[in-house]
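The values are calculated or read from the model by the stated rules, or taken from the named source; none is laboratory data. Fair warning: this is a prediction, and the values are worked out from it, not measured in the lab. With ideal geometry, Cβ positions are generated from the backbone for all residues, glycine too; neighbour counts draw on all protein chains shown. What goes into the accessible areas is simple: the full protein's heavy atoms, side chains included, and nothing from ligands, DNA or RNA. Shrake-Rupley method; radii C 1.70, N 1.55, O 1.52, S 1.80 Å.
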Amino acid sequence: MYRSKDRGGNCSTIFDGAMIHDVSDRLEIEHHLRTALSNNELRVFYQPEVSIPTNRITGFEALLRWNSPALGDIPVQQVIEIAEATGLIVPIGKWVLKQACQFIQRVHELGYEDLTVSVNVSMVQLTRSEFAQTVSKILQETGLNPKYLRLEITESVFMESYEFIRSELEDLYDIGVHMALDDFGKGYSSLAYLKFLPIHTLKIDKSFIDDIVQENKERLLTDQIISIGEKLGLHVVAEGVERDEQLEYLVHHQCDRHQGFIF
Ligand code: MG
């Protein structure tokens, strides 16, 4: 059934022996994921985002990690896929959001008052009703000023049910929460979204940055994304910066911010 759904649905798939491993692995992960939150096995790590002109940290992105005592480290992409398929993404996403808001409050209390925290949001969270309400409630409980919270949404998410989530995002925008278009340039890019949606930040997908030094095409596209962002008055963050040459390129081309293992 899952294989058929992965192929777009409305088709049949003949079972073969090798699939049993995939299915049983998946079921095992799902089984343990159901208790991971209550067993306190999930962690949030914070990756700094750095201003290129000042070389100072401007904020952090909250990244979920799961080290299962039974299964070891599970790749985050797999965790998210299973959490989305089972609906566990809703409680887990809510927990991450609250952790992130509490974290940045503590950072502010230490005297770093301007730093923001970014949290990735899944389509499943957005389409379940009352997402905006959940966010407002967490902001109230933690006392965080909404302008220090940024929600990162991928373009593929938008394509699926743009009209449906638009009002949800506008509610959040109205209370002052910031929005970022994540993995920009990858997948279903549509420049029209930049016009219609309440976005503050563009995050250039890592795949552009990976080849920025060698590939002329990547350079050209990255330059254009930086320029579009600048003209629209958005922050532009280059994701996945790992090497000095990549950073040098971004400095030279006046990109706004960067994020990745280099820092
Ligand atoms: Mg992100």
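Rg/Rh for region 25-146 to two decimals, with Rh computed the Kirkwood way over all alpha-carbon pairs.
1.00
Working from Cα pairs under 8 Å separated by at least six residues, relative contact order for the chain is 15 percent.
The chymotrypsin sites (Phe, Trp or Tyr not before Pro) of region 83-134 that DSSP puts in a loop, and whose beta carbon has at most 16 other beta carbons within 10 Å, are Tyr112.
Expressed as a whole number of Å, what is the distance separating the alpha-carbon centroids of region 1-66 and region 218-256? Comparing the Cα centres of region 218-256 and region 1-66, I get a distance of 28 Å.
Placing Arg257, Arg150 in order of accessible area, with the largest value first and a 1.4 Å probe, yields Arg257, Arg150.
The value given for the chain is a Kirkwood hydrodynamic radius of 19.8 Å, derived from the mean inverse Cα-Cα separation. Carbon and sulfur: what percent of region 175-263's accessible surface (1.4 Å probe)? Accessible surface attributable to carbon and sulfur in region 175-263 totals 54 percent.
Averaging sequence separations of C-alpha pairs under 8 Å and six or more residues apart, then dividing by the length of region 1-126, give the relative contact order as a whole percent. Walk me through the numbers on the way to the answer.
Numbers: 128 pairs, mean separation 26.6, N = 126.
Relative CO of region 1-126 lands at 21 percent.
Would you work out if region 93-213 is rounded, prolate or oblate? Take a ≥ b ≥ c from the square roots of the eigenvalues of the alpha-carbon gyration tensor; rounded if a/c is under 1.5, else prolate when a/b is larger than b/c, oblate otherwise. Oblate shape, in that a/c is at least 1.5 and b/c is the bigger or equal ratio. The distance between label points at Leu63 and Lys5 comes to 2.8 nm (points 7 Å beyond Cα on the Cα→Cβ vector). Would you mind telling me the share, in percent, of accessible area of region 79-147 contributed by carbon and sulfur at probe 1.4 angstrom? Carbon and sulfur atoms account for 47 percent of the accessible area of region 79-147.
Averaging the sequence gap over all C-alpha pairs within less than 8 Å and six or more residues apart, then dividing by the number of residues, gives region 202-263 a relative contact order of 37 percent. Taking every DSSP helix (H) stretch of at least 4 residues in the chain, weighting each as -39,500 (n - 2.57) and dividing the sum by the residue count yields a mean residue ellipticity at 222 nm of -14500 deg cm²/dmol.
In this structure the chain gives 54 Å² per residue of accessible area when probed at 1.4 Å with all protein chains present. Each principal axis of the Cα cloud of region 58-118 was evaluated for its coordinate range; sorted largest first, these ranges are 39, 22, 17 Å.
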